[in-house]
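Participant: Sending over a structure as structure tokens; questions will come in a sec.
The numbers here are math on the coordinates, done by the rules we state, and not lab data. Bear in mind the structure is a predicted one, so any value in this text is a computation, not a measurement. A quick note on method: Cβ atoms are made from the backbone with ideal geometry, for glycine too, and the neighbour counts reach across all protein chains shown.
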Amino acid sequence: MNHPSDADLWRRVRDDDADAFGQLFERHGERIHGFAWRRTANAAAAEDVTALVFLEAWRRRREVTLHQPSVLPWLYGVAANVLRGHNRARRRHQAALRRLAGLRAPASESVELRSEAVRDARQVIDAVRRLPRRERDALTLSAWEGLTHEEIAAALDIPVGTVKSRLARARARLDPHRQRASRSRAGSALAAPAVRALPTVSADLALEEDLS
């Protein structure tokens, strides 16, 4: 049985074919959910983000023309935009909670930070968090999702050359942190997952940290 291509399904979606849209969701929903989970480290938030991505895709169905064989790169771009809005809302919510409740960091956190291993891992994680948004978006699509330069360009609506330059800048910013973590005997085991977020290593990163 021949399965319709994404391009065929998207043409039907543009004609308001809900069944075709459902097939695209079944085909790519899990990938978008995984991307959202790795960016939020929160199962409920990942579900919400995934739903918003496909809601936005349906809303924009008539204005979007595919320039790639797969609709997935474009969906990743939509997801990146949704996540930016989600993270802004989350930060505002957390700031409000801190103001209202006067929250203090738990004592256990300060104890953990005395550990050299945890410190090394956190330094790498913090370095990823501090990347400029445009570089971080390119990095996550490359290192986490395994997209090619061409697919990242389609997802972010930028030239391929810009993708390469953003990844190169991200690598340059993160490489000193990666090298320090790799040299540390105590911290290498804990820092390794964060090190894998770098473009020099194409492995999934599953951290219970908010890298936004």
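Participant: Can you pull the one-decimal nm distance between simple spin-label points at Asn42 and His3, each 7 Å off the Cα toward Cβ?
Facilitator: Result: 3.3 nm between the two label points.
Participant: Quick one: length gained pulling Arg134 to Arg84 fully straight, 0.36 nm per residue minus the C-alpha distance? Please list the in-between numbers first.
Facilitator: Working: separation 50, 0.36 × 50 = 18.00 nm, distance 1.11 nm.
Between Arg134 and Arg84, full extension yields 16.9 nm more.
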